[in-house]
Every structure is written in structure tokens, then in C-alpha cells.
Amino acid sequence: MALTDDDGKIRWRQSPYTLLAGILILVAAVAAAMHAIAVAVVLSVGAVAILAYQPARSTRADTVPIPVIEAQPVTETPRDNIGVTSAALSAIDLPLYLIDARENIVFQNAAAAEAFGQSETNSHITTRLRSPAILDCVRETIAKGNVNTVEYSERHPSTRVFLVRVAPVANEGRPTHFILSFRDISESRVVERMRSDFVANASHELRTPLASLQGFIETLQGPAKNDPKAGERFLGIMLEQVQRMNRLVDDLLSLSRLELKAHIAPADRVDLLPLLGHVRDALQPLAASLDVEIALSLPADPVFVAGDRDELIQVFENLVQNACKYGQEGKRVEVTLTPATKGQGAEVSIRDFGPGIADEHIPRLTERFYRVNVEASRSKKGTGLGLAIVKHILTRHRARLIVKSEIGKGSVFTVRF
Ligand code: ADP
């Protein structure tokens, strides 16, 4: 009975009423044995009363404690369940709108408010988005219940391109709600554009010397076949063109290698004093040929920075070389190393006293193949990639390039670590 379970084991722990009644009967029996009849009668009546009025006999299953779960209203539509839905949508960093079949905004998440401004709940989608392409897309999805995507670009406050996706909220039967999501693809568009510009520019840069080589070869095979003097001159020009292609390929390879390790910070520590001395020595012949003096101004103590020695040599050779080439008429290039102070990292500045660079060019100097004057650059054996390489290396070194220039007075290129 109640005191044992299916295995016959005593389960008195599970039935306190039965246990109490049992104790009373036991004590009553003892009282009866001791001839305390009145006490035995009272105890027996108590035991019977307890057994009679104990709660309905529990089953095995409901003796196991069950956690109390408050009943939640079961909802049919996202609108009813808007609390849960909005909390979930708010946690997503993609701009999102939940709209109903009448194109009213039921909910907008924080990312949408930030991207497109705050909307009134239940306002029509057109109060926030006026693009006919998006509205057509929304109508198509509402009418057919399928997913549609469309590209949408904004010009103000800045140019942004979004991939807009309109999708029905999966529900049994006809969908009542729809989600508009906006994926910002501006950055990938810029990268795509840069990539295709880069390929076009690189091909163009290679095509020019190649066309020139082809022209000279044809001339040497034809009209200049028996003209050794012209032949010698042409071969000299051809060698220059081949060297130009070589420089270009070297710079392109350098850029692609740098791109591969763009996110890996250099692990070595480099003293800038001997490094800048090395750069000056390496460029001395070029400077002398251009009649430019390179003046080094270095502190007494070593200045260590985290860096890759070869890459830093490439940076400073490029900057000093440019200063010599483009600032040749100033006849002097000053290279100054300033050690780190409390608030600022070490700095190397390269100053020339040449013609300077107009303000509009300065932000674009580190773009690949950007030159202020294409012919001047080519005649000085430039590839248009030098400063792009410098920028890549400095980015990897967590350093900045700061360019200041004044027309007629010269330029200062500063590397700040
Ligand atoms: P390039 O191979 O043409 O020298 P860079 O990327 O090194 O390419 O430089 C880009 C352009 O920046 C140069 O073509 C030149 O017009 C300009 N420039 C760079 N340094 C200087 C400077 N010190 N003074 C004037 N113009 C400069």
C-alpha cells in the first residue's frame, strides 16, 4: 500500500500523512497494551482522521518535483509577439525593418534608426524609404511571398551602397509580416573598383614600354637594319624600357607581398640611427648625380622602434629618393630623427626645398599610380607605386605618414611611429 512502492521499498518519505497515522496507531497499540484505553481510543481516532483527510493519493509521477512554468500566451503573429521579436532584431547590427502587409513599419531596429533615422511605429514605409526600386521589391514580396533583393545607393551624407533584401517572415499560411534588411556593401564596392582600376593601370604601365620595345625591334629589323649607329642608340633605349618594366614588376610584387602580411605586426626591434645612416649612404650616388646634399640630423642615443629592418629601409629610401628627385632644385634634403616623447612616438621627417605639392594632390599621393606629373615621374624612373608601398609598410608598422607642403618652398614627409 501507501508505505511501499512498486519494488516493495518503504516510501514513507514520500507520504508524511501515512507516516504520522502509522506512528499514532503504534502509540495507540502501546497505550492499549498498557491499559490506557482512553489514550488509545483518542490516538486511533486521530490516525483514522489523518488517513481520511490526507490529500488525494499522489501518483508516482507527480511526486517528482516539477519546476513551475508560468503560462505564456501563445501568439499567432509576429505582431503579437513583438516583444520577443523586437529584442531579437535589436541585437542584430544590420539595419532591419519589420513591416506588415500594408507596408507599415511595425518595428525598426537600432541599426536602422542609426542608418536612416528614427521612424514612427505604424508609419508607412515610404515615410522612411523613397527609393522606387526598394518599394517595388517590397510590393513584389508582399504580392508573391518570395524573397527579393535590390541594390540601393545613397549619396548623402556619404556614398553608401546597400544590398536590400525583402523576405516574408515564415509563418503558416499567407505571410503577414516581412523583413527588410540592409547589407552595407560600400566597402566591397570600393575594393572591387580599386582592384579593376589597379589591373587597368598596371596593364597600361606595362603596355607603354612593351609597345616601345616592339617599335624598336621592328625598326631594327626593317629600316635601321644596316645602320649600326641607330642600332646602338635604339638598343640603349630598349634597355631602359626593359629596366622600367623590371622596376614596375618589382614594385608590384612588393605590394602584393605587403598585402599578404598587412595584418601581421613586425616582431623585431630596429634602431633607426644606423638604419638612416645606411639609407643616406645608399642614396649618396643618386644625390650627387642630382647635385643634392643629404643632411642627417640624429640624436646621440639609439632610437628603437618595433619594425622590419628591410621594410623600413625601403620606406626611407623611397622618401629620400623622392625628395632628391622631385625637390632637386632645392639642392638640399634634410633627414631629421626625433626620439619618442611621453605623448608621442619617434618621428623621422624628410624635408626638401623643391617646388612643393599643391594641396589637392596631397591626399591622393599614396594611391597606386597616382602622380602629380606623369611625365616628370617617368623621366625620373618613377613607377607611381613608391608612396603606395610606403603607406602599406607603415600601416603594418602602426605608423603614419604625414605630408605637408608649400608651393615654392618644398615638402616635408614625416613618418610618425
Ligand atoms: P613615383 O614612382 O612616381 O615617384 P611615388 O608614389 O613615389 O611615385 O610618388 C607619387 C608622386 O608624388 C610622384 O610622382 C610625385 O609627383 C609626387 N611626389 C612624391 N614626393 C614628392 C616630393 N618630395 N616633392 C614633390 N612631389 C613629390
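Annotations
- Residue match in region 406-413 (condition: within 7 Å of the ligand (Cβ to nearest atom) and farther than 21 Å from ARG280 by Cα): no
- Test for LEU387: is it more than 8 Å from the ligand (Cβ to nearest atom), at negative phi and surrounded by 18 or more Cβ atoms within 10 Å (Cβ to Cβ): no
- Test: residue in region 362-370 that is in contact with a Lys or Arg (Cβ under 8 Å, 6 or more places away or on another chain) and of a type in the set (Phe, Trp, Tyr): yes
- Residue within region 350-365 that is more than 13 Å from the ligand (Cβ to nearest atom), touching a residue at least 40 places away in the same chain (Cβ under 8 Å) and surrounded by 18 or more Cβ atoms within 10 Å (Cβ to Cβ) present: no
- Only listed residue being under 24 Å from ARG396 (Cα atoms) and not aromatic (Phe, Trp, Tyr), chosen from LEU290, LEU272: LEU272
- Sub-7 Å Cβ pairs linking a first residue in region 263-275 that is in contact (Cβ under 8 Å) with a residue 12 or more places away in the chain to a second residue that is basic (Lys, Arg) and part of a loop (DSSP other than H, G, I, E, B), at least 6 apart or interchain, are ALA265/ARG398, ordered by first then second residue.
- Any hit, region 290-301, residues being within 26 Å of ASN373 (Cα to Cα), away from the ligand (no atom under 12 Å from the Cβ) and among the charged types (D, E, K, R): yes
- Residue list for region 225-261, filter: loosely packed, with under 12 Cβ neighbours inside 10 Å and either modelled with pLDDT under 90 or in a loop (DSSP other than H, G, I, E, B) (or both): LYS225, ASN226, GLU259, LEU260
- Qualifying positions in region 150-183 - polar (S, T, N, Q) and surrounded by 14 or more Cβ atoms within 10 Å (Cβ to Cβ): THR176, SER181
- Flag if ARG368 is away from the ligand (no atom under 11 Å from the Cβ) and under 29 Å from the mean Cα position of the chain (by Cα): no
- Within region 131-182, considering residues that are of a type in the set (Asp, Glu) and outside any helix (DSSP H, G or I), the one farthest from GLU114 (Cα to Cα): GLU172
- Of all the listed residues (PRO266, PRO274, PRO302), the sole one being part of a helix (DSSP H, G or I) and not charged (D, E, K, R) is PRO274.
- Every test in (1) modelled with pLDDT of 95 or more; (2) closer than 24 Å to ILE264 by Cα; (3) within 9 Å of the ligand (Cβ to nearest atom) is passed by LEU401 save one, and that test is (3).
- Failed item in (1) touching a helix residue (DSSP H, G or I) at 6+ places or on another chain (Cβ under 6 Å); (2) part of a loop (DSSP other than H, G, I, E, B); (3) of a type in the set (A, V, I, L, M), with VAL315 passing the rest: (2)
- Some residue of region 304-320 being within 18 Å of LEU394 (Cβ to Cβ) and exposed (fewer than 14 other Cβ atoms within 10 Å of the Cβ): yes
- Look at (1) touching a Phe, Trp or Tyr at 6+ places or on another chain (Cβ under 9 Å); (2) surrounded by fewer than 17 Cβ atoms within 10 Å (Cβ to Cβ); (3) within 18 Å of ASP251 (Cβ to Cβ) and you find that SER379 fails only one, number (1).
- With respect to the conditions (1) part of a helix (DSSP H, G or I); (2) at pLDDT 90 or above, ILE105 lacks only one, and its number is (1).
- Filter result for the condition that a residue is modelled with pLDDT of 95 or more, assigned to a helix (DSSP H, G or I), loosely packed, with under 14 Cβ neighbours inside 10 Å and not acidic (Asp, Glu), over ALA295, ALA288: ALA288
The values are calculated or read from the model by the stated rules, or taken from the named source; none is laboratory data. Model, not experiment: these values are computed from the prediction. Quick reminder, even Gly has a Cβ in these numbers, built from the backbone with ideal geometry, and neighbours come from all protein chains shown.
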